[in-house]
Every structure is written in C-alpha cells, then in structure tokens.
Amino acid sequence: MFDKLTLSVLPDEDEALRPALREIIAGAVAAIPLDRRARSWQGFDAAFSRLLGEAGYIGLSLPRKFGGAERSPFTRFVVVEELLSAGAPVAAHWMGDRQSGPLIAHYGTDEQRAFYLPRICRGEALFCIGMSEPGSGSDLANVRTRAARGDDGSWLLNGQKIWTTNAMHSDYMIALVRTSGTSADRQSGLSQLIVDLKSPGITIRPIVDLTGDAHFAEVFFEDVHLPPEALIGEEGQGWKQVTAELAFERSGPERIYSSVVLIDAWTRHLRAVGRLDTATLRLLGSLTAQLAVLREMSIAVTARLVAGESPIVEASLVKDLGTEFEQAVPQLIGDDLGAHPDEPTDNVLYRTLLYLTHVAPSFSLRGGTREVLRGIIARGLGLR
Ligand SMILES: Cc1cc2nc3c(=O)[nH]c(=O)nc-3n(C[C@H](O)[C@H](O)[C@H](O)COP(=O)(O)OP(=O)(O)OC[C@H]3O[C@@H](n4cnc5c(N)ncnc54)[C@H](O)[C@@H]3O)c2cc1C
C-alpha cells in the first residue's frame, strides 16, 4: 500500500507563488483577531473570496477554457497551506473550489461547465454540499430526499438535508438525492442535482452550534421544480460520483492546519514570558515534528493526485492522523497553560484556545467520521 508514499518536494514554480499570495492574505487577515482567524474554514468573507478569485487563486486545477488555471494539485497545496496557516476566511469559495468545481469539471456537460466554472473561479458562485440527512450522515447510501422526473425531463424535489455548511449564504447546492427505487436499494438509484437555492419551495434554517456560531443549516425541499439540466453526471450514478468527490475532499492539506494559529499564538506567548524549560521544549518539539511529518504525508498523497491516481486509502489515513493532531493541539496547549496559572495570558490567546477546544470534536466528523475512514483503511489493507 505504501510503495508510492515517497516524500516529495513541491515544485519551484508552485513555491514561487508564496510571496505574492502572502501579501494578499496578510492584507486581508491583519485586522482579524486570532480567535476569528481560528475559524478559517468557517470564516465567511465573500469579498475576500472574490479578491482571491481575481488574483487567480481559485479553481487552480480547473480547465483554462472555463476560467481555471490548469495547474497541478501541488499548486493548490501551496495556496491552501498559505490560506489555512494564516487563518484566512475561506468558507465562501471553499466548497466550490474543493468539491463542486472539480465535480462539475469532471462529470458536467459543456453547458454546465461554461455556466458554473468561470463564476466559481471568480469566487462569485457560492456552493454548498447537500449530502447528510437526518438518519443518513455516515450512511449516505440511505439518503431519502427524492427527485421525481416529469415527462418533460424536469425534476420535482422533496425532502430534507442537514448539517449543510453555509447553505444560507450559498447560491447553489449539489444535492445527493434518490431518483429511483427506495432507500432499501442502497447505492443504486442515487443521483446528484445542482439546486438553485433561490428556487421556490426551499426553506433554509440555520443551526446554532455550541460556540454560538451558525454555519450549519437545515434545508427543506417542498415540491421544488428543477429544470432537466439540474442533473449532474449520470442518473443513478450518484454514489460513484460522490465517492470520487469525497476523495478530492479528503486528500488535501486541509486536515492538518485547523489548530495551527493556536500553535503560533502559544509560541509567541512562550517567547513573551521567556519560558524555555525542558518540558516546554519537548511539547513544542513534539508538535512541530508531528506537523512536519503530517505535511510530508499530505504532500505524498498530493503527488499521487499529480500522477493521476486516486489515493483514497492514503487520503483517509492522512485525514485520520491529521484530525487526531488537530484535536490534540488545543488539549495539550490548554493543559500547558493550565499548568502555568501565574503566567499572564492575553485574552485573545485564551479565546482562541476556548474556541478550538469547543470545535475540535467536529474535526474528525466533517468529511467522514473517524470510524468510517478506518473502515476504508481496513478495506484497503484487505482486512474487510
Ligand atoms: C463541521 C461540520 C461540517 C459539515 N458540513 C457538511 C456539509 O456541508 N454537507 C453535508 O452534507 N454534511 C456536512 N456535515 C455532516 C457530516 O459529514 C456528518 O455529520 C457525518 O458524516 C456524520 O454523520 P452523522 O452526524 O449523521 O452521524 P452518524 O452517521 O449517525 O454516526 C454516529 C456515530 O456512529 C459512527 N458510525 C456510523 N456508521 C458507522 C459504521 N459503518 N462503522 C463504524 N462506525 C460508524 C460514526 O463514526 C459516529 O461516531 C458536516 C459535519 C461537521 C461536523
């Protein structure tokens, strides 16, 4: 399984992007307090996404003909790494850039590509992902939302989605729906539809999470009419398409950097208070070493994407290890600060720690739960 997981270096032409990109990001994040930067994935800033789009940093791997840059997954690695390590607000363009754009490029018709991709690349068409439903999160094959096809080829959509990140700010949802059979048929009979969220019959209700943020939503469809061209890819092939889409979603560097602004802030705190004892250096060294190894593994997975392969098992492995690291960081840094109660800790460091401690459990849920990923890894090893 690991015969191709050799460590790779990023190409010079991709590394060369960093200085200009850092300048744009620094301009945008300088005024954002650290605890808001820790929200990076959830940080919704449509103006920043349009700025990135204008500068050519969205849709990097999409065809030039449709507004993309036709560059390699390494290019995207560099851009995503810069954005997340600075805690830039990426939510507005995130789904379109990571999932919906590649999906449309791969399975869409030329008309769909021409309509959606240039706007995704400009950071103008905002997408959300409608997979989960009450009763089918990990078990996506159990999806019950149904689209019935009329004689004229149009669709009538009924059902409910849940945990839809940023549905209330998005223009479109790519929904996984049942177009034939029943949920007992499992994977067969599922399709993907592009739903214009302004269509009549759609109700979007934000869900407030325990940090007080509302980035999720419930989405209800009541007799929503969609045109024939809402179908993306082939009718009945939704399962195959979604599996491929989740592979794009899991294979990037995204699963390593969620707590990284806290490591930076804690390091600054250590410098400020002048704490350099052995236990502190051991913890700092251990976090740095883990981060470095995970980054190398993530680059190795990216190299396989560059080679045109689909490293589903390795991507699952890096996601599982990466989220374990992201979850450990707030706990270890919290324990460390708690063990030094006399040190002056600035409020923003404290708020960042608090926020990450609250959301860390979600890191191993979003994009596929830990148990489900381990099932994929076990299958890859021939154990299931
Ligand atoms: C921050 C965040 C953002 C999200 N954004 C989106 C989004 O934009 N769009 C979207 O569609 N969904 C989204 N989700 C939903 C997410 O993908 C689901 O929550 C997730 O897949 C789990 O589904 P569930 O909550 O229904 O839990 P369940 O599937 O009910 O799982 C409950 C528990 O049982 C375990 N389990 C389930 N099945 C198995 C199995 N076969 N073997 C072993 N253990 C199993 C799970 O690992 C979990 O621990 C998001 C979730 C989070 C946390």
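Numbers at a glance
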read-out	value
Matching option when the condition is open to solvent by less than 30 Å² (accessible area, probe 1.4 Å), acidic (Asp, Glu) and farther than 16 Å from residue 193 by Cα, among 97, 151, 139	97
Unmet criterion (only one of (1) polar (S, T, N, Q); (2) under 26 Å from residue 359 (Cβ atoms); (3) loosely packed, with under 13 Cβ neighbours inside 10 Å) for residue 278	(2)
Qualifying residue in segment 253-274 (condition: without any contact (Cβ under 8 Å) to a residue 24 or more places away in the chain, farther than 30 Å from residue 318 by Cα and hydroxyl-bearing (Ser, Thr, Tyr))	no
All helices (runs of 4 or more DSSP H) inside segment 1-89 with 1 or more residues being aliphatic (A, V, I, L, M) and closer than 30 Å to residue 168 by Cβ	18-29, 34-37, 46-54, 73-86
Residue list for segment 131-169, restricted to those being within 29 Å of residue 56 (Cβ to Cβ) and within 11 Å of the ligand (Cβ to nearest atom)	164, 165, 166, 167
Test for residue 301: is it farther than 22 Å from residue 327 by Cβ, among the β-branched types (Val, Ile, Thr) and in contact (Cβ under 8 Å) with a residue 40 or more places away in the chain	no
Residue count, segment 70-104 (criterion: within 16 Å of residue 21 (Cα to Cα) and without any contact (Cβ under 8 Å) to a residue 24 or more places away in the chain)	0
Matching helices (runs of 4 or more DSSP H) fully within segment 278-384 where at least 2 residues are more than 30 Å from residue 10 (Cα to Cα) and away from the ligand (no atom under 16 Å from the Cβ)	278-306, 312-338, 347-363
Residue in segment 105-115 that is surrounded by 24 or more Cβ atoms within 10 Å (Cβ to Cβ) and in contact (Cβ under 8 Å) with a residue 40 or more places away in the chain present	no
Matching strands (runs of 3 or more DSSP E) fully within segment 100-218 where at least 2 residues are of a type in the set (D, E, K, R)	146-149
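The values are calculated or read from the model by the stated rules, or taken from the named source; none is laboratory data. Everything quoted here is computed from the prediction, not taken from an experiment. Note: ideal-geometry Cβ built from the backbone for every residue, glycine included; neighbour counts use all protein chains shown. Quick note on the areas: whole protein, heavy atoms, side chains included, nothing else; ligands and nucleic acids left out. Shrake-Rupley method; radii C 1.70, N 1.55, O 1.52, S 1.80 Å.
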